[in-house]
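Here is the structure we will look at.
The values are calculated or read from the model by the stated rules, or taken from the named source; none is laboratory data. Here the structure is a predicted model, which means the values were calculated and not measured. Cβ atoms come from the backbone with ideal geometry, glycine included; neighbour counts cover every protein chain shown.
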Amino acid sequence: MSGIRNPYGSFSRYSADLCLFLLVAKTGQLSAAATEAGLSQPRISQRMRALEDSLGQTLFLRERRGVTLTPDGMDLLAALQRPLGDAIEAFDAFRRKPQSDEVVIMTDIAFSTFLLLPEIASLSAAFPNISISVLSQQKPDADVSPKASLTILMEPVPDGDDNATLLFKERVTAVCSPAYKARHPEMHEAKDLADKTLIDLAAKADAPWYTWAGWLKEQGGTRDTAREFIAFNSYDHVIRSARSGLGIALGWEGLLNSDDPASGLIRAIPAVLESNRGYVLRAVDGRAGANTAKVFDWLADTFATT
């Protein structure tokens, strides 16, 4: 058995770095490979150096604009590209296949809190023989959540995609409590918000939704002039704070109805911004069965307003 164990043991020590080697060879750049792998460029460079040292061979020529394979690197690529590439694709397909008849809906915390969870009892009652669960995250990613069969995410409006349907477009206004508005009757346009307390949802610069910075920029204002800026990592906390009179929040039409007195919110200023994004219901490729299709149709009928 030692003859079997040794090759497997040897490959297991190198397998992760060999996958990274294929990425670097494919992209021709350490930075591009690092982005695709979700690593820093120094880290992937370190891993490639370690691989070369372990093999005792130079695999790349490092140049100003990227990397080039050496003859040894080309030999390794030729040996690995097809079998390891096939293994990567096969594992990804295996990981994505439905594990059971369960339907898992992945969405962000805001949609889950304000729309989906209030309807989850009705959804379960409509399909008593289907196990339905909800996976909510601040910024969900179905690629790293193999159980998700449906997603409801803020993303660009789909065009001609049979696996997706737009529930509603992103339309955003500034909202506050009636008491806060009464204390600041001078608020009529974006520039009037500069010295007010702005409440935001904590997010990275590439967040797929309006932040105060983006919303004010399109309105001709600037976040930098705000006297006070407060951020929470939950949209529920953002809205609760606005209702309490803390300051002004961004309100997404579809999630909130600030025109309803029961919402506890009113528009701070009349302006409404609409983007080319929206909440999109999508069946995840390779994970959609008959049960998923039934739940998809129910969600579309319940939440689509377009």
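Restricted to the range 274-297, and to residues there that are surrounded by fewer than 17 Cβ atoms within 10 Å (Cβ to Cβ) and under 21 Å from Phe168 (Cα atoms), the residue that is nearest to the chain's Cα centre (by Cα) is Asn276. Specify the residue that is surrounded by the fewest Cβ atoms within 10 Å (Cβ to Cβ); the eligible residues are those in the range 101-124 that are among the hydrophobic types (A, V, I, L, M, F, W, C), touching a Phe, Trp or Tyr at 6+ places or on another chain (Cβ under 9 Å) and assigned to a helix (DSSP H, G or I). The extreme case among them is Phe114. Look at (1) among the small types (Gly, Ala, Ser); (2) loosely packed, with under 13 Cβ neighbours inside 10 Å; (3) farther than 16 Å from Arg267 by Cβ and you find that Ala231 fails only one, number (2). Within the set Ala213, Ala242, Ala268, the sole residue that is assigned to a helix (DSSP H, G or I), more than 29 Å from Ser133 (Cβ to Cβ) and over 22 Å from the mean Cα position of the chain (by Cα) turns out to be Ala242. In this structure, does Leu39 turn out to be modelled with pLDDT under 90 and part of a helix (DSSP H, G or I)? Taking the combined requirement at face value, the residue does not satisfy it.
Thr58 meets all of the listed conditions (1) in a loop (DSSP other than H, G, I, E, B); (2) under 31 Å from the mean Cα position of the chain (by Cα) but one, namely (2).
Considered as a group, the residues in the range 192-228 that are modelled with pLDDT under 80 and either in the same structural domain as Ile109 (by TED's automatic domain parsing) or in contact with a helix residue (DSSP H, G or I) (Cβ under 9 Å, 6 or more places away or on another chain) (or both) include one that is surrounded by the fewest Cβ atoms within 10 Å (Cβ to Cβ), and that residue is Ala205. Annotation: of all residues in the range 156-191 being surrounded by 18 or more Cβ atoms within 10 Å (Cβ to Cβ) and assigned to a loop (DSSP other than H, G, I, E, B), the one that is modelled with the highest pLDDT is Ser177. Of everything listed in (1) under 25 Å from the mean Cα position of the chain (by Cα); (2) not in a loop (DSSP other than H, G, I, E, B), the single unmet condition for Ala262 is (1). Determine whether the range 18-35 contains at least one residue that is free of Cβ contacts under 8 Å to residues at least 60 places away in the same chain, touching a Lys or Arg at 6+ places or on another chain (Cβ under 9 Å), of a type in the set (D, E, K, R) and within 19 Å of Ile88 (Cα to Cα). No, the range 18-35 has no match at all.
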